[in-house]
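A quick write-up on the structure given underneath.
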Amino acid sequence: MSYKVLIVDDNINNSRLIEGILSVDERDFDCHFAENGAIAYEKAKEIIPDLILMDLLMPEVDGIEALKLLQKHNELREIPVILITAYKTNENFKLAFDEGAFDFITKPIDINELRSRINKALGVGETLRRIKIKIGKYKQQRKELEKKAVLAQNVQNSFIVTNYNGEIDWANDGFQNMHGLSIENHINKFGRDIKKVYNDDDISQNIDRCFNEQIPISFTIGLTHPDKTEKWLQVFISPQLTKGNNIEKLIIVESDITELKVKEKELNEQNIKMLHITENLENANSQLENQRDEINLQKIKIEEEQEKSERLLLNILPFEVARQLKSKGKAGTRFYKHVSVMFGDFKGFSKLSKELEPKTLVSYLDDYFIRYDEIIGAHYLEKIKTIGDAYMCAGGLPLRNNSHPVDAVLAGLEIQHTMHVINNENAKNNVPLWELRIGVHTGPVVAGVVGNKKFAYDIWGDTVNVAARMQERGEVGKVNVSGETYEHIKDYFFCEYRGKIEAKNVGKIDMYFVNRLKPEFTEDKLGLIPNEEFKLLVNKL
């Protein structure tokens, strides 16, 4: 079966995307297009589509205004309209449904969801069309029956004449057709009283009223013939008066309306069925709306949970590693030829652990490490892990860059300055001092995620060990760097050579204290904040 579909969107790419989705469907979709709501309304009047897929936000006349136009048109108001929108607020959806929208789908368009919504809309539309056809047939049948009823009222099937006492004087041959026996047999069996013809108390009272008030009466009655067949009669009784205005006789006209009554009964039964169908459809639509609302709530909850999961994953792993895990299910390891590793560690931490309650101790560590996180993030370094009071980060991974030695040293200087400010305040408040050593070394590492549970991003190699020794052989408040790191930063910082110093399990290493940025590269007196000239040079590395 072929369906005409009107696609309404001011973005031709969106319209062609939907046309492409429909083109691979097994059904035949004849697609028509409109750029806004006004054009869509005129196009809909021209082609009378089976379905309208319409964007909510469009120039000139948007989706809501277009819905209002469609609802004012008798032939278009029943066409199901599916809104396609990037907005997800309940206010927009409620307004759209109030104006006659059948359903909606959000952008970006999911092919399976679009097909499902189209199938539902076409199914409901097809059901409504079948119901309208049946209702039309029933209405036509009713009109035909009403015509027959009029004819039946005008055709004199049976005539009865009584005297002024209501006794039957004469009846034509039609009497037998109406009552199942001849007038003679009726009189012999029941007598001449006209009331005995109908044998109904209410009708008897109406006949008395006709005599007393001298007015015509009419009524409908159902009779059962001797052969058990049923007959429905429309009866009209007219009193004939003398010149003295006394009743001379009654003229009774009976018409057979049995067929009309049978059809009316059938129509009533059909109407009851139609009411049940309508109620079921309304209940189904109500259930669909409830399901749609529930689905929307579930989608919102799922999206919120996904966002929480992604934020948590990005707090644990670098962005590139998290992306690999999501797309491939694993990340693995990678070799980096050139990385700068920075270690920070508090001197006398064991003593502090004895002096402070565990909860207080951890609270201080948490506060300091949060500050470190902010500083290294501003200098493009990646936090690797914390081990007790030790803090480890690195530059040049997972995304490679050439400025990582400079970035690591700048971050180390800023962290030491921060600790200096904090300790000055702590000294005023008699709070224990936290003295930090920082070491930096540059060299090759292997980095990545190993195992398949409790993922953690880590780095391995001799460079990590040397960086740890730089911290151990450093001094409180200083940034101690190796000769390898010094070669990369010497043009930008004032450094103090310490000589070759023995490091555990490593041997003698050239070490330098980094004091500050050179004056030509800084914006502040302390030599911590780089100026624009420095940034331009580092960006060219």
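Given the criteria within 23 Å of Lys337 (Cβ to Cβ), out of contact with any Pro (no Cβ under 8 Å at 6 or more places or on another chain), free of Cβ contacts under 8 Å to residues at least 40 places away in the same chain and among the aliphatic types (A, V, I, L, M), does Ala467 qualify?
No.
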ask   = Among the residues of region 28-41, is any surrounded by fewer than 14 Cβ atoms within 10 Å (Cβ to Cβ) and either part of a helix (DSSP H, G or I) or at pLDDT below 85 (or both)?
value = no
query = On the given criteria, is His417 modelled with pLDDT of 95 or more and farther than 21 Å from His488 by Cα?
reply = yes
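Out of region 63-95, which residues are basic (Lys, Arg), in a helix (DSSP H, G or I) and modelled with pLDDT under 85?
Within region 63-95, Lys94 is the sole residue that qualifies.
Which of the strands (runs of 3 or more DSSP E) found entirely inside region 467-541 contain at least 3 residues meeting this: under 57 Å from the mean Cα position of the chain (by Cα)?
479-482, 507-517
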task = Filter region 44-62 for residues that are outside any loop (DSSP other than H, G, I, E, B), touching a residue at least 24 places away in the same chain (Cβ under 8 Å) and surrounded by fewer than 19 Cβ atoms within 10 Å (Cβ to Cβ) and give the result.
result = Lys45, Ile47
task = For region 167-209, name all the residues that are under 15 Å from Val235 (Cβ atoms), surrounded by fewer than 19 Cβ atoms within 10 Å (Cβ to Cβ) and touching a residue at least 40 places away in the same chain (Cβ under 8 Å).
result = Asn177
message = Being surrounded by 13 or more Cβ atoms within 10 Å (Cβ to Cβ), of a type in the set (Lys, Arg) and within 20 Å of Leu381 (Cα to Cα) narrows it down to one residue among Lys535, Lys478; which is it?
response = Lys478
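Condition test on Asp407, is it in the same structural domain as Phe493 (by TED's automatic domain parsing), surrounded by 13 or more Cβ atoms within 10 Å (Cβ to Cβ), modelled with pLDDT of 95 or more and more than 40 Å from the chain's Cα centre (by Cα)?
yes
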message = Exactly one of these conditions fails for Ile207: (1) among the hydrophobic types (A, V, I, L, M, F, W, C); (2) within 60 Å of the chain's Cα centre (by Cα); (3) modelled with pLDDT of 90 or more. Give me its number.
response = (2)
inquiry  = If I filter region 397-404 for residues that are aliphatic (A, V, I, L, M), modelled with pLDDT under 95 and touching a Phe, Trp or Tyr at 6+ places or on another chain (Cβ under 7 Å), do I get at least one hit?
reply    = yes
remark   = With the first residue restricted to region 489-502 and required to be over 23 Å from Glu472 (Cβ atoms), and the second required to be surrounded by 19 or more Cβ atoms within 10 Å (Cβ to Cβ), Cβ contacts under 6 Å at 6 or more apart or on different chains are Tyr492/Phe521
inquiry  = Pairs please, first residue from region 411-429 and within 23 Å of Gly377 (Cα to Cα) and in the same structural domain as Phe369 (by TED's automatic domain parsing), second anywhere and surrounded by 10 or more Cβ atoms within 10 Å (Cβ to Cβ) and of a type in the set (Ser, Thr, Tyr), Cβ atoms under 6 Å, 6+ apart in sequence or on different chains.
reply    = Ile415/Tyr372
request  = Output yes when any residue across region 145-159 is under 25 Å from Lys228 (Cβ atoms), at pLDDT below 90 and among the acidic types (Asp, Glu), and no when none is.
outcome  = no
request  = Select from region 499-508 the residues that are touching a helix residue (DSSP H, G or I) at 6+ places or on another chain (Cβ under 7 Å) and surrounded by 14 or more Cβ atoms within 10 Å (Cβ to Cβ) and write down the one among them that is modelled with the lowest pLDDT.
outcome  = Val506
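The values are calculated or read from the model by the stated rules, or taken from the named source; none is laboratory data. The structure displayed is predicted, hence computed values, not measured ones. Glycine also receives a Cβ, built like all others from the backbone with ideal geometry; neighbour counts cover every protein chain displayed.
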